[in-house]
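A short write-up of the structure that comes next.
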Amino acid sequence: MITILNREFVVDASVETAWAHLAKIEKWPSWARHIKDVKLSPSGDISHNSVGSLRLTNGIESEFRVTEFQLHHNWKWRGPFLWMGIEYDHRFEPLGDYKTKFTWIIEGEGIGASTIGRVFAWQYKRNLDKAIPLLQHEISNL
């Protein structure tokens, strides 16, 4: 696996509040405008046995399966992109009582991870540049 993107940012909320908000994957389109629709099974908050799909506004659909789950600490999910396997790690770190640092790490493996992975990361970074401020605002207004 090679790291193709690593992004850190802080939200004004406790780790429990931040987790509870982000765990509602089906509501991500409210702040991640590049996502048109999310399907999660079982429905509700993400859990250790969640599987699902994200349909992006450009029509691409991406499937995922949770591979690691540590309540209020992190979850990882994995899915395919072209010839690569992509793993997304969503980490939460409390910074006192009312701030949480998110670290999102995306790793890739397989054919094209070091080349196509860069293009994927470039586009994903552009999406995050728009989505993160919306998420920060949404969480701060809970």
Quiz prompt | Single match in Gly85, Gly96, Gly59 (criterion: over 23 Å from Ile139 (Cα atoms), exposed (fewer than 14 other Cβ atoms within 10 Å of the Cβ), small (Gly, Ala, Ser) and modelled with pLDDT under 95) | solution = Gly59
Self-check item: Within segment 1-52, considering residues that are under 25 Å from Asp129 (Cβ atoms) and acidic (Asp, Glu), the one most open to solvent (accessible area, probe 1.4 Å)
Solution: Glu8
Quiz item: What number of residues within segment 1-31 are part of a loop (DSSP other than H, G, I, E, B) and among the acidic types (Asp, Glu)?
Solution: 1
Quiz item: Name the residues in segment 62-82 that are aromatic (Phe, Trp, Tyr), open to solvent by 20 Å² or more (accessible area, probe 1.4 Å) and modelled with pLDDT of 95 or more, would you?
Solution: Phe69
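The values are calculated or read from the model by the stated rules, or taken from the named source; none is laboratory data. Remember, it's a predicted structure, so these values are computed and weren't measured experimentally. Reconstructed Cβ throughout: ideal geometry from the backbone, glycine too, with neighbour counts over all protein chains shown. Each accessible area value is taken on the protein alone, full model and side chains, heavy atoms only, with ligands, DNA and RNA left out. Shrake-Rupley method; radii C 1.70, N 1.55, O 1.52, S 1.80 Å.
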